[in-house]
1. Where the centre of each part is set by its Cα atoms, how far does segment 99-152 sit from segment 167-197, in angstrom?
2. When DSSP beta bridges are limited to those with both residues in segment 24-145, what percentage is antiparallel, rounded to the nearest 5?
3. Based only on other Cβ atoms within 10 Å, what is the fewest-to-most ordering of Ser14, Ser233?
4. List the aspartates and glutamates whose alpha-carbon lies under 14 Å from that of Lys242, not counting same-chain residues fewer than 8 positions away?
5. Based on other C-beta atoms within 10 Å, arrange Tyr157, Tyr121 from fewest to most.
6. Cut-off is 10 Å between beta-carbons; in what order do Glu45, Glu126 appear when sorted fewest neighbours first?
7. Using only alpha carbon pairs under 8 Å that are at least six residues apart, calculate the relative contact order of the chain and give it in whole percent.
8. Put +1 on the Cβ of each Lys and Arg and -1 on the Cβ of each Asp and Glu in the chain; which of Ile40, His96, Leu221 then has its Cα farthest toward the positive end of the dipole?
Amino acid sequence: MQNVIFYFTGTGNSLQLAQGIAEVLGNCEVINIAKHSGDIPTGVERAGFVFLVYFGGLPGIAHAFLKNLSIQGDPYLFCVANCGGSSGVFLKQTAHYLRQKGKTLQAGTSILMPENFILLYDRFGEERERMLFTNAEQKIAELGVTIRGKQAAAFEYAGNVPFRYVGGLFNRAFIGLAAGLDRHFHISDRCIGCGKCERICGVGNIVLRERKPVWNHHCELCMGCINVCPVKSIDFGRLTQKKERYINPNVTLL
Ligand SMILES: Cc1cc2nc3c(=O)[nH]c(=O)nc-3n(C[C@H](O)[C@H](O)[C@H](O)COP(=O)(O)O)c2cc1C
């Protein structure tokens, strides 16, 4: 394979971006880091990373992936910070991991996508989401030109400027907490035992027992399970009871 893109997603936005870029590049494999370990073999010409921005930086699973990633040969390297508002230190963190392997992140961009962090924010609404999808297509087309030409490009950040400096502390603090926070997920008697929460969970943290989900405390807090439930039976404490759910309508997750 000439090109490869690694992604991690909770609700599908990163997959949409990864697939969009893959289509523009052609001859490109799109790989979910929750299912594969990282190895870029010799002969790959371009390799990219598309993850959701998570508490001001990379998700925990992406930290581990980039740290352990082995890169043979000398591919052109790029990344996309898929965010709801602010990309924080995501690009700097990615560049740092690659630099430790003697590699350079040649292009890093931020793309605003619909918010999925239902614990803090309400859903944007369909009109705003459609607008974001249109803008994302435009950004993908522009990025495609840069990546195809293997051009070095200035990093493009999004949102809050102080977050680009202090986001690292915030990011590390929350990653440490995330795994066990799943104890706050609970289900109501609306649960129909469909198993979608179990299937969307990229890291196998949810197991159905007697057709009801049980969370096993190695959660990435990606918000896939709570958003995918077709009957809104999953809540996180009392934070989410009145909030609308979001799943990217442009990709197939299950
Ligand atoms: C736990 C968590 C933390 C998040 N933190 C941020 C953040 O710091 N900045 C931001 O812009 N978006 C943040 N988001 C929003 C997501 O990055 C955004 O909605 C993204 O498009 C979701 O992508 P996905 O569908 O691939 O999971 C966060 C989402 C989650 C679940």
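All of the numbers you see were taken from the coordinates with simple rules; none came from a lab. Keep in mind that what you see is a predicted model, and the values were worked out from it rather than measured. All Cβ positions, even for glycine, are placed from backbone atoms using ideal geometry, and neighbour counts span all protein chains on display.
1. Between the Cα centre of segment 99-152 and that of segment 167-197, the gap is 24 Å.
2. The antiparallel proportion sits near 5 percent.
3. Exposure proxy ranking, most exposed first: Ser233, Ser14.
4. Output for Lys242: Asp122.
5. Tyr121, Tyr157
6. Glu126, Glu45
7. 21 percent
8. Going by the charge dipole, the pick is Leu221.
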